[in-house]
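The block underneath contains the structure these notes are about, expressed in structure tokens.
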Amino acid sequence: MESILTNISSINKTVFIGTPDFSVPTLLKLSETNYKPLLVITQPDKPQGRKLKLVPTPVKQTAEQLGIKVIQPEKIKEEDVIRKLIEINPDVIITVAYGGFLTKKILDLPSFGCLNIHPSLLPKYRGATPINHALFEGEKETGVTITKMTLKMDSGPILQQKIVTIEKEDNYSSLSAKLAEIGADELIDVLQKLEKHEIIAIPQNDEEATYCYKLQKDDLYLDWNEKATDIHNKIRGLAEEPGAMTTFRGNKMKILATKILQERADLLPGKVSAILKNEGIVVCCRDQKILLTKVQPAGKRIMSGFEYHIGARIEIGENFVSGIRDRS
């Protein structure tokens, strides 16, 4: 354990680095306090949609609404970025889901160091997709961890950690929103404790570390040959965006919510076993049946499984196909 010692007793100058929706609650809460950032760094605008229109990141949009200066370097290690940071001479730099690594030059700049909010109970689920993987694995609890950053990803000493229960109804979207709010509150608490020198940094045990990889396109596709529990957890971990994918009648479809039925499968995996009025479509997995309660056919709006059946008139024995080989 180590104390975060500095000859500074107040945090007056902060810089915020973040990109997606998950980062926004922290930026908003910082801006309501004496820790309002002097500068925000975020990723460049990205082309989206068929017309490839450039769209600013959620953090950029929020920072502009708050009247905070924003820069969007292609690479954060650019000399111009370093020069701006040296001019500000921040007491602390806060990062939340930025999408890039900070160099030693940046890590060494602030008196209190660079702090990061990570949505897992580190050292478990280091990496880019801790919320998805906690749901994939059917975890009952997760959390947020505030660390002092080091050069090694998500490996810095822990300043504060809060356990969060994962509810049965949680999916990626709901859990992410919940952890973003809790992480923002925890960070404000850490900053206040740092000013009072009340924080003790606890090193992580690398031997207990687990890692989660960045999701690839193939990870989004369901395999109906898996157990119902695994399919259900994968759908939770991907809903509502990007959404778990399957193919039905040759067209892609997102499956956004399911319910495991306590019935053994009576047809081959992927086959429609029944339609439950006002509830959804019953599909066989390797072991049990699963009820598709919310779906999104390609190019259409999100709807209930039963609503989709009303329009599509699904027959018993039709097939939801699995994985990569069937997605053409």
Item to complete: Counting helices only, and only those DSSP H runs with n ≥ 4, report the 222 nm mean residue ellipticity of the chain as the sum of -39,500 (n - 2.57) divided by its residues, in deg cm²/dmol to the nearest 500.
Response: -7500 deg cm²/dmol
Response to the item:
Expressed as a whole-number percentage, the relative contact order of the range 10-63 with C-alpha contacts under 8 angstrom and at least six residues apart is 41
Practice prompt. Using only the Cα atoms of the range 217-288, each taken as one equal point scatterer with no solvent, compute I(q) by the Debye sum, divide by I(0), and report log10 of the ratio at q = 0.11, 0.19, 0.20 Å⁻¹.
Written response: -0.24, -0.76, -0.84
Practice prompt. Would you mind getting me the FRET efficiency between Lys277 and Ile163? Use the beta-carbon distance for r and R0 = 45 Å, nearest 0.05.
Written response: 0.65
Worksheet item: Length gain on complete extension for the stretch Lys152 to Ser173, per 0.36 nm per residue less the alpha carbon to alpha carbon distance?
Response: 4.8 nm
Fill in: Largest-first principal axis extents, alpha carbons of the range 100-225, Å
53, 28, 25
Item to complete: Quote the convex hull volume per residue of the range 173-328, based on C-alpha atoms, as a whole number of Å³.
Response: 159
Worksheet item: Going by a ≥ b ≥ c, the root eigenvalues of the Cα gyration tensor, does the range 244-328 fall in the rounded group (a/c under 1.5), the prolate group (a/b larger than b/c) or the oblate group?
Response: oblate
Item to complete: Between Ala201 and Lys140, with labels modelled 7 Å along Cα→Cβ, what's the label distance in nm to one decimal, could you check?
Response: 3.4
Discussion item. Defining a contact as two alpha carbons under 8 Å apart and six or more residues distant in sequence, what relative contact order in percent does the range 1-123 show?
Written reply: 30
Item to complete: For an R0 of 22 angstrom, estimate the FRET efficiency from the Cβ-Cβ distance between Glu241 and Gln61 and round to the nearest 0.05.
Response: 0.80
Discussion item. Can you give me the distance in nm between label points at Arg286 and Leu54, each placed 7 Å from the Cα along the Cα-to-Cβ direction?
Written reply: 4.8
Response to the item:
The distance between the Cα centres of the range 161-188 and the range 255-284, in whole Å, is 30
Worksheet item: Which whole-number percent gives the relative contact order of the chain, counting Cα pairs below 8 Å spaced six or more residues apart?
Response: 14
Response to the item:
One checks the Cα atoms of the chain and finds Rg and Dmax, in Å, of 22.7, 73
Worksheet, complete the sentence: So for R0 = 25 Å, FRET eff. of Asp108-Ser9 from the Cβ-Cβ r, to 0.05, ends up at 0.75
Worksheet item: On average, how much accessible surface per residue is there in the chain, in Å², for a 1.4 Å probe, leaving out ligands, DNA and RNA?
Response: 50
Worksheet, complete the sentence: The simple spin-label model distance between Glu263 and Asp189, using points 7 Å out along Cα→Cβ, in nm, is 4.6
Discussion item. Apply the a/c threshold of 1.5 to the C-alpha gyration tensor of the range 1-147 and tell me whether it is rounded, prolate or oblate.
Written reply: oblate
Worksheet entry | Environment charge at Gln296 (Cβ cut-off 12 Å; Lys +1, Arg +1, Asp -1, Glu -1) | +2
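The values are calculated or read from the model by the stated rules, or taken from the named source; none is laboratory data. All values reported here derive from a predicted model rather than from experimental measurement. Every residue, glycine among them, receives a Cβ derived from its backbone with ideal geometry; neighbour counts consider all protein chains shown. Note: accessible area is taken over every heavy atom of the protein model, side chains too, but ligands, DNA and RNA are not part of it. Shrake-Rupley method; radii C 1.70, N 1.55, O 1.52, S 1.80 Å.
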